[in-house]
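Please read the structure below before turning to the comments.
Where a number appears in this text, it was derived from the coordinates with a stated rule and is not lab data. All of these numbers come straight from a predicted model, not from anything done at the bench. Neighbour counts are summed over all protein chains in view; Cβ atoms, including those assigned to glycine, are modelled from backbone coordinates with ideal geometry.
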Amino acid sequence: MRPLFVYGTLRHRPLLETLARDLGAARAEAAALPGHRVLRQAGAPWPALVPDPGGEAPGTLWHGLPEAARARLDGFEAPFGYE
């Protein structure tokens with residue numbers, strides 16, 4: 001299973017744990033996505049990941065998230081247009 005990079009609100013572990021419900025044996029590590037940055041989305045209170053050649057977006061890389069947890073996180077993010 002591929003690791004999952006999260007940024008913005010999902011970096012708040014209590015929120016992620018609430019949404020995922022069961023993290024199983026998943027482990028998290030601090031990470032950064034080069035060539036991007038995180039900005040507040042225009043007209044909305046949530047963050048957006050935007051390209052920035054000199055930037056680096058802070059995030060968390062999750063390894064071993066159970067499929068059910070990933071599906072619940074996707075369900076939370078989908079209404080906001082995230083993939």
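Applying the Karplus relation 6.51 cos²θ - 1.76 cosθ + 1.60 with θ = phi - 60° to segment 73-83 yields 3J(HN,Hα) values of 5, 4, x, 5, 7, 3, x, 8, x, 7, 10 Hz, where x marks Gly and Pro.
Looking at the square roots a ≥ b ≥ c of the eigenvalues of the Cα gyration tensor of segment 25-69, which shape do they give, rounded for a/c under 1.5, prolate if a/b is larger than b/c, or oblate? Taking the square roots of the gyration eigenvalues as a ≥ b ≥ c, segment 25-69 is oblate. Residues whose amide H lies under 5 Å from that of ALA31, counting only those 5 or more places away or on a different chain, are GLY59, THR60, LEU61; hydrogens are built 1.01 Å from N in the peptide plane. Set Lys and Arg Cβ to +1 and Asp and Glu Cβ to -1, take the dipole of segment 1-49 about its Cα centre, and tell me which of LEU4, GLY24, TRP46 lies farthest positive. Of the listed residues, the answer is TRP46. Converting phi to 3J(HN,Hα) with the Karplus coefficients 6.51, -1.76 and 1.60 and the offset θ = phi - 60°, segment 20-28 yields 6, 6, 9, 8, x, 9, 4, 10, 10 Hz in sequence order, with x at every glycine or proline.
Expressed as a fraction of 2.2 N^0.38 Å, the rule-of-thumb size for a compact globular protein of N residues, what is the C-alpha radius of gyration of the chain? Provide the component values of the computation, followed by the final result.
Numbers: Rg = 12.8 Å, N = 83, 2.2 N^0.38 = 11.8 Å.
Taking the Cα Rg and dividing by 2.2 N^0.38 Å, one obtains 1.09.
Which residues does a label at MET1 reach in segment 27-52, if reach means a backbone N under 15 Å from a point 7 Å past the Cα toward the Cβ? Output list for this probe position: 27-29.
Segment ARG27..ARG40, full-extension length gain: 1.9 nm, with 0.36 nm per residue of separation and the alpha-carbon distance subtracted. For the chain, with a Gaussian network of springs between Cα atoms less than 10 Å apart, report the residue from ALA69, ALA42, ALA20 with the top mean-square fluctuation. For the chain, modelled as a Gaussian network with Cα springs under 10 Å, the answer is ALA42.
Helix-only mean residue ellipticity at 222 nm, the chain, DSSP H runs n ≥ 4 weighted -39,500 (n - 2.57), per residue, nearest 500. What is it? Calculated from helices alone, the mean residue ellipticity at 222 nm is -6500 deg cm²/dmol.
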